[in-house]
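Enquirer: Take a look at this one; I'll ask things after.
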Amino acid sequence: MIRFNENNEIITNEEYNAIIVGLQWRGDISRSMDELEGLCEADGITVAGRIEQSLNRPDNATFIGSGKVEELAELCANMEVDTVVFNDELSGVQIRNLEAALGVRVIDRTILILDIFADRAVSPEGKLQVELAQLKYRLPRLTGFGKALSRLGGGIGTRGPGEKKLETDRRHISGRIDDIRKELDKISRTRKTQRAERERNEMPVVALMGYTNSGKSAIMNAMLSMSEEFQEQTREGKSVESRNMLFATLDAQHRKITLGKGKAFVLIDTVGFVSGLPHSLVEAFKSTLEEVKDADLLIHVVDASYENRDFQIEVTENVIRQLAAENTPVIMAYNKMDIAPEEPIDATGNDAVYVSAKTGAGMSELAEKICDAVFGDMRETSLLIPYDKGAVMSYLCENGQIEEIAYEENGTRLTGRFREEDLNRYEGFEI
């Protein structure tokens, strides 16, 4: 778990004991609290206790009621915990008041998720995105330390309170945010160039989406094992890391999958979602998640073994709507069927398939559904294009999946997969 000192430097400690606190004021929070406990475990925090309170609205000063604060302070002292984790996002004033009353470190759900992301980020882009989200979270929560930290200048006309450390910190963080945004803009432009190249090559894009730890990376590895290029890719280290933990994958992973002649597409493994995913984090990862927006097909991966999977489905669909990708075709892939008590009933209205990435069960059916969705309107054939039809030749090369080009006496023979509408337009050239 990561902490910051007053100079905005990261301090990393090994282990924490904590009490988690939830306020029930907008409906049932039992599932959200269970999830918070899982997030704590993912961040190396041992949950020693759990407190919930029902109020009509949060207290402006301490979020929970004053009586509950006293109860929590006594509990912290008796259980010798050093951290209290709140299930909702707190204001800077609330954190300060609670820490003064409890005598321990107070964090909220947002900083916990940001901390996990900071620990898991590997690529330079991922690290920048997490840092940006952390700084945007910290900026409105900076609190001053009084006149003792004011800077006094020397010489006539310079006496006075000067610049407080609060103002210095705010200026420093704002400057760093601007620098990170510029660096991410450069990376985003490179990503757009790569997407444009894939579009020119008519390479379809399929994106894996879903709740964190639903098995997206495991499905990608299973698809890789089915790909005709698997042996070569394995030697090059193309498999992705797959672990039974929250947010094991943060950086978008791209892999080429070939499931038969002329059936090649790019498969993308995206960051997993969680309820209450900080808005600053969604914004920071926007350039990465744009891959989802531009995908030709979404594979919504659901943990079929999880009792409250409908809740996870709802969270993921909310994020899809935030990304304006709700009109993209979706296949529901209910994963972990090897440990699911029964086959879940799909009520999403999308095409559904039941798989186990671990055992491989159902993966062939998923591959067939992907091919039907992505290549369903394409047919494999050969066309002979006369040499004086250069425009037709260019169009078909740009809009078809060309497997072979042969130069013959009467023209150029193109062999590959083409859209039905293009074949109908140029039916006179089909062999």
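The values are calculated or read from the model by the stated rules, or taken from the named source; none is laboratory data. Computed from a prediction, not measured in an experiment: that's the story for all the values here. Methodologically, a virtual Cβ is constructed for each residue, glycine included, from the backbone with ideal geometry; neighbour enumeration extends over all protein chains shown. Just so you know, the surface numbers come from the protein's heavy atoms only, side chains and all, with ligands and any DNA or RNA stripped out. Shrake-Rupley method; radii C 1.70, N 1.55, O 1.52, S 1.80 Å.
Enquirer: Only one of these conditions is not met by LYS192: (1) at pLDDT below 80; (2) basic (Lys, Arg); (3) over 20 Å from the mean Cα position of the chain (by Cα). Which number is it?
Expert: (3)
Enquirer: Next up: Of all residues in the stretch 410-419, count the ones that are of a type in the set (Lys, Arg) and either open to solvent by 60 Å² or more (accessible area, probe 1.4 Å) or outside any strand (DSSP E or B) (or both).
Expert: Our first condition is that a residue be of a type in the set (Lys, Arg); within the stretch 410-419, this holds for 413, 417, 419.
Cutting the leftovers down to either open to solvent by 60 Å² or more (accessible area, probe 1.4 Å) or outside any strand (DSSP E or B) (or both) gives us 413.
Of the residues in the stretch 410-419, 1 are of a type in the set (Lys, Arg) and either open to solvent by 60 Å² or more (accessible area, probe 1.4 Å) or outside any strand (DSSP E or B) (or both).
One line per residue, one yes/no per condition, for (1) within 27 Å of THR62 (Cβ to Cβ); (2) open to solvent by 20 Å² or more (accessible area, probe 1.4 Å); (3) at pLDDT 90 or above:
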residue	(1), (2), (3)
THR83	yes, no, yes
LEU102	yes, no, yes
ASP115	yes, no, no
ARG120	no, yes, no
SER123	no, yes, no
GLY146	yes, yes, no
LEU149	yes, yes, no
GLY153	no, yes, no
ILE156	no, yes, no
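Enquirer: Let me ask you something else. Return the residue satisfying two criteria in turn: it lies in the stretch 320-375 and is crowded, with 19+ Cβ neighbours inside 10 Å and of a type in the set (Ser, Thr, Tyr), and of such residues it is nearest to THR270 (Cα to Cα).
Expert: Only one residue fits best here, namely TYR334.
Enquirer: Let me ask something else. With the checklist (1) in contact with an Asp or Glu (Cβ under 9 Å, 6 or more places away or on another chain); (2) within 28 Å of ARG120 (Cβ to Cβ) in hand, flag the one item THR83 doesn't pass.
Expert: (1)
Enquirer: Sticking with this structure for a sec: Determine whether the stretch 234-243 contains at least one residue that is of a type in the set (Gly, Ala, Ser), at pLDDT below 65, within 16 Å of the chain's Cα centre (by Cα) and assigned to a loop (DSSP other than H, G, I, E, B).
Expert: We begin by selecting, within the stretch 234-243, every residue of a type in the set (Gly, Ala, Ser); these are 237, 239, 242.
Among the residues that remain, those that are also at pLDDT below 65 are: 237, 242.
Among the residues that remain, those that are also within 16 Å of the chain's Cα centre (by Cα) are: 242.
With the extra rule that they be assigned to a loop (DSSP other than H, G, I, E, B), the set shrinks to 242.
Yes.
Enquirer: Pick from the stretch 410-431 the residues that are of a type outside the set (Ser, Thr, Tyr) and closer than 11 Å to LEU384 by Cβ: which of them is modelled with the lowest pLDDT? Write out each step before concluding.
Expert: Here is the first cut: in the stretch 410-431, the ones of a type outside the set (Ser, Thr, Tyr) are 410-411, 413-414, 416-425, 427-431.
After this cut, where a residue has to be closer than 11 Å to LEU384 by Cβ as well, the list is 410-411, 413-414, 428-431.
Values: ASN410: 90, GLY411: 93, ARG413: 94, LEU414: 92, GLY428: 88, PHE429: 91, GLU430: 89, ILE431: 85.
Only one residue fits best here, namely ILE431.
Enquirer: I've got another one for you. Pairs under 7 Å by beta carbon, first residue surrounded by 11 or more Cβ atoms within 10 Å (Cβ to Cβ) in the stretch 420-431, partner among the β-branched types (Val, Ile, Thr), six or more apart or different chains?
Expert: So the pair list comes out as LEU423/THR381; TYR426/VAL392; PHE429/ILE385; GLU430/THR381.
Enquirer: If you go through the stretch 83-101, how many residues are touching a strand residue (DSSP E or B) at 6+ places or on another chain (Cβ under 6 Å) and more than 16 Å from LEU36 (Cβ to Cβ)?
Expert: Total meeting the criteria: 4.
Enquirer: Taking the residues in the stretch 23-33 that are assigned to a helix (DSSP H, G or I) and free of Cβ contacts under 8 Å to residues at least 60 places away in the same chain as candidates, determine which candidate is surrounded by the most Cβ atoms within 10 Å (Cβ to Cβ).
Expert: Here the answer is MET33.
Enquirer: Now for a separate question. Hey, could you check the stretch 291-308 for residues that are in a helix (DSSP H, G or I) and either among the aromatic types (Phe, Trp, Tyr) or buried (at least 18 other Cβ atoms within 10 Å of the Cβ) (or both) and say which is modelled with the lowest pLDDT?
Expert: GLU291
Enquirer: Inside the stretch 401-428, can you point out the residues that are among the β-branched types (Val, Ile, Thr) and under 19 Å from PHE265 (Cβ atoms)?
Expert: ILE402
Enquirer: State yes or no: is ALA18 touching a helix residue (DSSP H, G or I) at 6+ places or on another chain (Cβ under 7 Å) and assigned to a loop (DSSP other than H, G, I, E, B)? Outline the logic, then answer.
Expert: Details: touching a helix residue (DSSP H, G or I) at 6+ places or on another chain (Cβ under 7 Å): yes; assigned to a loop (DSSP other than H, G, I, E, B): no.
So ALA18 does not fit the description; no.
Enquirer: Still on this structure, I have one more. Quick check, is GLY360 free of Cβ contacts under 8 Å to residues at least 24 places away in the same chain, part of a loop (DSSP other than H, G, I, E, B) and within 26 Å of the chain's Cα centre (by Cα)? First the steps, then the outcome.
Expert: Numbers: free of Cβ contacts under 8 Å to residues at least 24 places away in the same chain: no; part of a loop (DSSP other than H, G, I, E, B): yes; within 26 Å of the chain's Cα centre (by Cα): yes.
Considered against the rule, which asks whether it is free of Cβ contacts under 8 Å to residues at least 24 places away in the same chain, part of a loop (DSSP other than H, G, I, E, B) and within 26 Å of the chain's Cα centre (by Cα), GLY360 comes out as no.
Enquirer: From the residues in the stretch 380-407 that are acidic (Asp, Glu) and touching a strand residue (DSSP E or B) at 6+ places or on another chain (Cβ under 7 Å), which one is surrounded by the fewest Cβ atoms within 10 Å (Cβ to Cβ)? First the steps, then the outcome.
Expert: Quick first cut of the stretch 380-407, residues acidic (Asp, Glu) only: 380, 388, 398, 403-404.
Adding the requirement that they be touching a strand residue (DSSP E or B) at 6+ places or on another chain (Cβ under 7 Å) leaves 380, 403-404.
Values: GLU380: 15, GLU403: 13, GLU404: 9.
Once the filter is applied, the top-ranked residue is GLU404.
Enquirer: A follow-up question, please. Hey, does the stretch 395-409 have a residue that's outside any helix (DSSP H, G or I) and at pLDDT 95 or above? Spell out how you get there, then give the answer.
Expert: Here is the first cut: in the stretch 395-409, the ones outside any helix (DSSP H, G or I) are 400-409.
Those left that are additionally at pLDDT 95 or above: none.
No; the residues of the stretch 395-409 include none that is outside any helix (DSSP H, G or I) and at pLDDT 95 or above.
Enquirer: Which is at pLDDT below 85 and either assigned to a helix (DSSP H, G or I) or more than 26 Å from ALA333 (Cα to Cα) (or both), of LEU139, LEU166? Don't jump to the end; show me each part of the working.
Expert: Numbers: LEU139 fails: at pLDDT below 85.
Selected residue: LEU166, the only one of LEU139, LEU166 that is at pLDDT below 85 and either assigned to a helix (DSSP H, G or I) or more than 26 Å from ALA333 (Cα to Cα) (or both).
Enquirer: Taking PHE63, is it over 27 Å from the mean Cα position of the chain (by Cα), under 21 Å from LEU277 (Cα atoms), at pLDDT 90 or above and hydrophobic (A, V, I, L, M, F, W, C)?
Expert: Values: over 27 Å from the mean Cα position of the chain (by Cα): yes; under 21 Å from LEU277 (Cα atoms): yes; at pLDDT 90 or above: yes; hydrophobic (A, V, I, L, M, F, W, C): yes.
Judged against the criteria, PHE63 is a match.
Enquirer: Pairs only if they're at least six apart or on different chains, beta carbon under 7 angstrom, first in the stretch 377-402 and basic (Lys, Arg), second open to solvent by less than 60 Å² (accessible area, probe 1.4 Å) and assigned to a strand (DSSP E or B); list them, first residue then second.
Expert: Qualifying pairs under 7 Å: ARG379/ARG417; ARG379/PHE418.
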